[in-house]
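Visitor: One structure is given below, represented as structure tokens, and several questions about it will come after.
The values are calculated or read from the model by the stated rules, or taken from the named source; none is laboratory data. Keep in mind it's a predicted model, so treat the numbers as computed, not measured. Every residue, glycine as well, gets a Cβ built from its backbone with ideal geometry; the counts of neighbours run over all protein chains shown.
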Amino acid sequence: MAVKIRLARAGAKKAPFYRIVAADTRSPRDGRFIEILGRYNPRTEPSTIQLDVEKVDAWIAKGAQMTETAGKLYEIAKNPEAVAPSKDTKLSKKAKAKAAEEAEAAVKAAEDAKAAAAEAKAAAAEAKAAAAEEVEAAPAADESAADDAPADE
């Protein structure tokens, strides 16, 4: 009898978790197994891997073969510093287009805000210059009024 260490799917529709089992190669994926060696839940962040490494080593010593996925999980469980697999989010074409449009809108809004700030700065400088001209013109008008006034001597 050939034994494989593989994943057996469990859980609800679109909400899987897996048992890592030692099973006869002739039995179906989710069918009869010899022993449960651990559990794997890819839906948590980061993924949860609970594996009895000693049992796996014992089955490998007896001649059991590991599937590729079970082997990867075994390496992660064996090495405490290894990082469990994380989910890669894939965007649809519509979501990518929407994100690109939002990015363009954000860039345009930033440019508009920058232009408005420059306009406001120019208007403030213009107002300051006009105020300075009024201040210079006001003392000159006071002096001319003082010259026209009769002196009381």
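Visitor: Looking only at residues that are surrounded by fewer than 16 Cβ atoms within 10 Å (Cβ to Cβ) and not charged (D, E, K, R) in the stretch 42-56, which one is nearest to the chain's Cα centre (by Cα)?
Guide: Looking at the filtered set, the residue picked out is P46.
Visitor: Kindly indicate the residue of the stretch 9-25 that is at negative phi and among the small types (G, A, S) and also surrounded by the fewest Cβ atoms within 10 Å (Cβ to Cβ) among those meeting that condition.
Guide: A12
Visitor: Considering R6, R39, R32, which residue is modelled with pLDDT of 90 or more, more than 20 Å from N79 (Cβ to Cβ) and surrounded by 11 or more Cβ atoms within 10 Å (Cβ to Cβ)?
Guide: Values: R39 fails: more than 20 Å from N79 (Cβ to Cβ); R32 fails: modelled with pLDDT of 90 or more.
R6 is the lone residue from the list that is modelled with pLDDT of 90 or more, more than 20 Å from N79 (Cβ to Cβ) and surrounded by 11 or more Cβ atoms within 10 Å (Cβ to Cβ).
Visitor: Can you find a residue in the stretch 50-72 that is modelled with pLDDT under 85 and closer than 20 Å to R9 by Cβ? Step through it out loud before you land on a result.
Guide: Let us first name the residues in the stretch 50-72 that are modelled with pLDDT under 85, namely none.
Within the stretch 50-72 (the criterion being modelled with pLDDT under 85 and closer than 20 Å to R9 by Cβ), the answer is no, since none of the residues qualifies.
Visitor: Run down A100, A137 and say which single residue is surrounded by fewer than 11 Cβ atoms within 10 Å (Cβ to Cβ) and modelled with pLDDT of 85 or more. First the steps, then the outcome.
Guide: Numbers: A137 fails: modelled with pLDDT of 85 or more.
Matching residue, one of A100, A137: A100.
Visitor: Further question on the same structure: Taking only the stretch 2-23 into account, find how many residues are within 13 Å of N41 (Cα to Cα), touching a residue at least 12 places away in the same chain (Cβ under 8 Å) and aliphatic (A, V, I, L, M). Outline the logic, then answer.
Guide: Narrowing the stretch 2-23 to residues within 13 Å of N41 (Cα to Cα): 7-12, 14-20.
This time we only want the ones that are touching a residue at least 12 places away in the same chain (Cβ under 8 Å), so: 7-10, 15-20.
Then drop every residue that is not aliphatic (A, V, I, L, M), which leaves 7-8, 10, 15, 20.
Qualifying residue count, the stretch 2-23: 5.
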